[in-house]
1. Taking Cα centroids, how far is the stretch A:26-78 from the stretch B:1-66 in Å?
2. Using a 1.4 angstrom probe on protein heavy atoms only, which residues from the stretch A:24-71 are buried by at least 50 Å² of accessible area when all chains are present rather than their own chain alone?
3. Restricting to Cα pairs below 8 Å that are 6+ residues apart, what does the relative contact order work out to for the stretch B:1-62? Please round to a whole percent.
4. Through the Karplus equation 6.51 cos²θ - 1.76 cosθ + 1.60, θ set to phi - 60°, convert the phi angles of the stretch B:32-47 into ³J(HN,Hα) values in whole Hz; use x for Gly and Pro.
5. Chains A and B: how much accessible area gets covered up at their contact, both sides added, probe 1.4 Å, in Å² to the nearest hundred?
6. Excluding residues on the same chain fewer than 8 positions from B:LYS18, give the lysines whose Cα lies under 22 Å from its Cα.
7. If you place +1 on the Cβ of every Lys and Arg, -1 on the Cβ of every Asp and Glu, and leave all else neutral, what size is the dipole of the stretch A:7-106 about its Cα centre, to the nearest 20 Debye?
8. I'd like to check one number: the per residue accessible area of the protein assembly as shown, probe 1.4 Å, reported in Å² as a whole number.
Amino acid sequence: DQQVKQNSPSLSVQEGRISILNCDYTNSMFDYFLWYKKYPAEGPTFLISISSIKDKNEDGRFTVFLNKSAKHLSLHIVPSQPGDSAVYFCAGALWRRSGAGSYQLTFGKGTKLSVIP
Amino acid sequence: DTEVTQTPKHLVMGMTNKKSLKCEQHMGHRAMYWYKQKAKKPPELMFVYSYEKLSINESVPSRFSPECPNSSLLNLHLHALQPEDSALYLCASSPPQGTYEQYFGPGTRLTVT
């Protein structure tokens, strides 16, 4: 059962335009949602997050929107830059009480963004 | 120091070999994680250590054996692996007290022949 889905494997956008990456989830218990960016041969890098009780979070060129009723979130990048070309992963964070407790991240399959100069 | 380091970057091993992957962080984080990522798939959680104690094992086969000797170091001991275990192994850490953000290392690309 895939709890976090990114249905678009790839997206191409012209430099300067808006990039919109989408993510759907099935588990209503996620406390937070995160977006990670991954370049080849590097580990995922945290980009931006949103609490499940919020509907928008903005950080510079990056904005994440959450629609809880639709179980959908999206990442907007404006304006898009060639350096934004990477694979973007959406993840849901769920608190697990095992031991001292920790957040477990469940990732989507990722969307490869290509920003064309 | 705000990074998670992993060694080696690449590892090729036979099915009868024993090898270890190493992960280190000096950010004072008290939760550390091992993930496995196959090509075109998302990272999948394997183990979680919280305050140097194993708190989550996601039903990982015993040929993978994690170890957390201290709060900065996390090892993954490998023995009698199968070719299907070939993958990118990612280590991550997160601050204590319930922070959800995880910081990832660059990974070890493992090939089992």
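The values are calculated or read from the model by the stated rules, or taken from the named source; none is laboratory data. Remember, it's a predicted structure, so these values are computed and weren't measured experimentally. Neighbour counts run over all protein chains shown; Cβ positions are idealised from the backbone, glycine included. Surface areas here come from the heavy atoms of the whole protein model, side chains and all, with no ligands, DNA or RNA. Shrake-Rupley method; radii C 1.70, N 1.55, O 1.52, S 1.80 Å.
1. The two parts, judged by their Cα centres, are 25 Å apart.
2. So the qualifying set is A:PRO44.
3. Numbers: 74 pairs, mean separation 14.6, N = 62.
24 percent.
4. Karplus-based 3J(HN,Hα) across the stretch B:32-47 equals 9, 9, 10, 10, 10, 10, 8, 4, 6, 10, x, x, 10, 5, 10, 9 Hz.
5. Values: alone 6730 and 6320 Å², together 11140 Å².
About 1900 Å² of accessible surface is lost on pairing.
6. B:LYS9, B:LYS36, B:LYS38
7. Working: 10 positive and 8 negative charges, 55 e Å.
Magnitude of the dipole: close to 260 debye.
8. Details: 11140 Å² over 230 residues.
With the other protein chains kept in place, the protein assembly as shown gives 48 Å² per residue.
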